[in-house]
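K.L.:
Here's a structure for you.
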Amino acid sequence: MAERKGMEVSIAMAEAAALCDVDCIAAYPITPQTHVVEHLAEIVADGRLDAEFIPVESEHAALSACCGCSAAGARTFTATSSQGLALMHEILFITANLRLPVVMVVANRALSGPINIWNDHSDVMTERDAGWVQIFAENGQEAVDLVILAHRIAEDKRVVLPMMVHFDGFTVSHVIEPIEMPTCDDVKEFLPEFAPLQRLDVDKPISMGPVGMPNVYTEAKMMAEGVLRGAYGPIVEILGAFGDRFGRRYRPVETYRNEDAEILYVMMGGISETAMTWVDQKRAKGEKVGLVRFRLWRPLPADDFKAAIRGASVVSVLDRHFSPGGAGGPVAQEVKWILYGQPKAPQIVETVVGLGGRDVTFKDFEKIYGTCKAVLGGAKVPPFELTQVRGGHYGEV
Amino acid sequence: MSRQSPTPNWRDLAIGTAALEPGSSRYNRTGDWRSSRPVWNLENCVKCGVCTVFCPEGCIAMRAEDSTPLSDMEYCKGCGICVAECWTGCIAMEEEKE
């Protein structure tokens, strides 16, 4: 068994990328992802990793360079956060359409404005439709494991799609955690050499990214839908293979003490770990409360979610982003999409917490729990609410 | 994959909608978004070839036997550059009708 060592999560993720023997890295430093890129640059400069490190002038250029590298047949890695992900926006969709298995880690951070470097999920949630596989880590060990898994999943011949690994900025990225770094040999065995289905080759020239006129654009979008949904089976299989080899099991939807729960909290990312401790306390007092998290966000594991919440009367979704003037939090929207019209669908309590780095504590879980208990007792379900806001919610008198 | 059908099934699309062989403009007919077309008054045409040189699509050719300019309407976008460049004024744009 590999040794457990105290490491900063960002550094550990860079080491994990190096273990994957990536060929190309093009990235631009941005808080709170900076340490990932800095450390990778050091690893390459020190000669520990034989890779091309392309220093670029922006994230738009970073992902564009990654597309070129991946199209040439190189295993490609990048990292970004917040404004950087937003600047990649148009290339994100292109990477997915071109079926280039680029792996990107995203240290989740609030989008400006006001400018804010701290954690929430506004950066990831505004890129839901880009066509990438998206998965969430809750702690350092998961972040390391998911970097390795992401290369295997993205490059699998049944998938061949780019993949994002999300981890919370600062609250995960900058924390020093005990991490079991897989050995080089184990990773080599788990992650076969990258064998692209097609690549740029002077002996067999093709054009990547030609215009898709109205007669093929719809079909191209159906391919994006079909390939991403079709990736679900291979992803589950690969998560299982990882569990068999490394002993750490990941599932598309993770559950914590959800058996016989009346009230289930749904959230994603690092705050889930705080929630687990809170759930333990509530359970110790006999409260029937549990926790469900989307580990896999795209493709959305709707059936796993339905199975995970079966029997619950109230599902309390804690979003860390919302659509101003729109339908509230994105996770709650999708949960509603999954459950709409289902027999015995639970009531859904929607809250938005932890925006721009505001701490999410037991106090917040407790406050939301009061609403959940009221709904459980037959009270009307309130509209979505920013429970941590001072001055009362819009619309309240 | 050989030449792609103009109305492919999504399952038959190349990976990443790549063009796997050159010459796709031969079968991607791009002239159908034209709203007007160039029409030559050949009585005034001196067959100088300026229109063939300036056509950005390269879709005007001089007929081999008599150097009469001919535009390939399956590719002509109706931009009107030939009209602007023709110094004899023998080309006019005519609105396309259904």
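The values are calculated or read from the model by the stated rules, or taken from the named source; none is laboratory data. Quick caveat, the model's predicted, so the values are computed rather than measured. Here the Cβ is made from the backbone with ideal geometry for all residues, glycine too, and neighbour counts use every protein chain on show.
K.L.:
Quick one: count up the residues across the range A:292-317 that are in contact with a helix residue (DSSP H, G or I) (Cβ under 7 Å, 6 or more places away or on another chain), farther than 28 Å from A:A154 by Cβ and of a type in the set (A, V, I, L, M).
P.N.:
Result for the range A:292-317: 3.
K.L.:
Of all residues in the range A:203-212 being under 25 Å from A:D129 (Cβ atoms) and at the interface with another protein chain (Cβ under 7 Å from one of its Cβ atoms), which is surrounded by the most Cβ atoms within 10 Å (Cβ to Cβ)?
P.N.:
My answer is A:M208.
K.L.:
Output the residues belonging to the range A:357-381 that are over 18 Å from A:A345 (Cβ atoms), of a type in the set (A, V, I, L, M, F, W, C) and more than 29 Å from the chain's Cα centre (by Cα).
P.N.:
A:A374
K.L.:
Hey, among A:D156, A:D203, A:D168, A:D185, which residue is under 16 Å from A:V103 (Cα atoms) and charged (D, E, K, R)? Talk me through it step by step, then tell me what you get.
P.N.:
On the way: A:D203 fails: under 16 Å from A:V103 (Cα atoms); A:D168 fails: under 16 Å from A:V103 (Cα atoms); A:D185 fails: under 16 Å from A:V103 (Cα atoms).
On inspection, the qualifying residue turns out to be A:D156.
K.L.:
Do the conditions hold for A:G226, that is, is it under 30 Å from A:Q281 (Cβ atoms) and either assigned to a helix (DSSP H, G or I) or outside the structural domain of A:C372 (by TED's automatic domain parsing) (or both)?
P.N.:
Against the criterion (under 30 Å from A:Q281 (Cβ atoms) and either assigned to a helix (DSSP H, G or I) or outside the structural domain of A:C372 (by TED's automatic domain parsing) (or both)), A:G226 does not qualify.
K.L.:
Just to verify a result, which residue in the range A:218-241, among those that are over 15 Å from A:V133 (Cβ atoms) and more than 9 Å from chain B (Cβ to nearest Cβ), is nearest to the chain's Cα centre (by Cα)?
P.N.:
The qualifying residue nearest to the chain's Cα centre (by Cα) is A:G240.
K.L.:
What about B:A92, is it surrounded by 14 or more Cβ atoms within 10 Å (Cβ to Cβ) and at pLDDT 95 or above?
P.N.:
yes
K.L.:
If you take just the strands (runs of 3 or more DSSP E) that sit entirely in the range B:1-75, which of them hold at least 1 residues that are within 14 Å of chain A (Cβ to nearest Cβ)?
P.N.:
Details: elements: B:36-40, B:60-62, B:69-71.
Of the strands (runs of 3 or more DSSP E) lying wholly inside the range B:1-75, none has at least 1 residues that are within 14 Å of chain A (Cβ to nearest Cβ).
K.L.:
Just give me the residues in the range A:57-88 being more than 22 Å from A:T126 (Cβ to Cβ), surrounded by fewer than 20 Cβ atoms within 10 Å (Cβ to Cβ), in contact with a strand residue (DSSP E or B) (Cβ under 9 Å, 6 or more places away or on another chain) and touching a residue at least 12 places away in the same chain (Cβ under 8 Å), in sequence order. Steps first, please.
P.N.:
Here is the first cut: in the range A:57-88, the residues more than 22 Å from A:T126 (Cβ to Cβ) are A:57, A:65, A:68-77.
This time we only want the ones that are surrounded by fewer than 20 Cβ atoms within 10 Å (Cβ to Cβ), so: A:57, A:68, A:72-73.
If we keep only those that are in contact with a strand residue (DSSP E or B) (Cβ under 9 Å, 6 or more places away or on another chain) too, we end up with A:68, A:72.
Matches in the range A:57-88: A:A72 only.
K.L.:
Please go through the range A:258-269 and give me each residue that is part of a loop (DSSP other than H, G, I, E, B) and touching a strand residue (DSSP E or B) at 6+ places or on another chain (Cβ under 8 Å), ordered by number.
P.N.:
A:N258, A:E259, A:A261, A:E262, A:M268, A:G269
K.L.:
So, one more: Going by what's in this entry, would A:K373 be described as in contact with a helix residue (DSSP H, G or I) (Cβ under 9 Å, 6 or more places away or on another chain) and touching a residue at least 12 places away in the same chain (Cβ under 8 Å)? Spell out the reasoning first.
P.N.:
On the way: in contact with a helix residue (DSSP H, G or I) (Cβ under 9 Å, 6 or more places away or on another chain): no; touching a residue at least 12 places away in the same chain (Cβ under 8 Å): yes.
No: the conditions fail for A:K373.
K.L.:
How about the range A:192-202: which of its residues are more than 14 Å from chain B (Cβ to nearest Cβ) and either at pLDDT below 95 or over 24 Å from the mean Cα position of the chain (by Cα) (or both)?
P.N.:
A:E193, the sole residue that qualifies.
K.L.:
Criterion first (more than 14 Å from chain A (Cβ to nearest Cβ), part of a helix (DSSP H, G or I), of a type outside the set (S, T, Y) and surrounded by 15 or more Cβ atoms within 10 Å (Cβ to Cβ)) does B:C79 satisfy it?
P.N.:
For B:C79, the condition - more than 14 Å from chain A (Cβ to nearest Cβ), part of a helix (DSSP H, G or I), of a type outside the set (S, T, Y) and surrounded by 15 or more Cβ atoms within 10 Å (Cβ to Cβ) - is not met.
K.L.:
Failed condition for B:T30, given (1) in contact (Cβ under 8 Å) with a residue 12 or more places away in the chain; (2) farther than 30 Å from A:L200 by Cα, with all others met?
P.N.:
(2)
K.L.:
Are any of the residues in the range B:3-17 more than 30 Å from A:T95 (Cβ to Cβ) and in contact with an Asp or Glu (Cβ under 8 Å, 6 or more places away or on another chain)?
P.N.:
no
K.L.:
Could I ask something else about it? Counting residues that are within 14 Å of chain B (Cβ to nearest Cβ) and charged (D, E, K, R), which helices (runs of 4 or more DSSP H) fully inside the range A:75-191 reach at least 1? I'd like the intermediate steps shown before the answer.
P.N.:
On the way: elements: A:82-87, A:89-97, A:122-125, A:140-155, A:184-190.
Helices (runs of 4 or more DSSP H) meeting the threshold: A:140-155.
K.L.:
Would you confirm whether or not the range A:205-214 contains a residue that is modelled with pLDDT under 95 and part of a strand (DSSP E or B)?
P.N.:
There is at least one residue in the range A:205-214 that is modelled with pLDDT under 95 and part of a strand (DSSP E or B).
K.L.:
Additional query: Scanning for something charged (D, E, K, R), modelled with pLDDT of 95 or more and under 24 Å from A:L87 (Cβ atoms), does the range A:11-22 turn up at least one residue?
P.N.:
First, the residues of the range A:11-22 that are charged (D, E, K, R): A:15, A:21.
Adding the requirement that they be modelled with pLDDT of 95 or more leaves A:15, A:21.
Filter again for under 24 Å from A:L87 (Cβ atoms), leaving none.
The answer is no; no qualifying residue exists.
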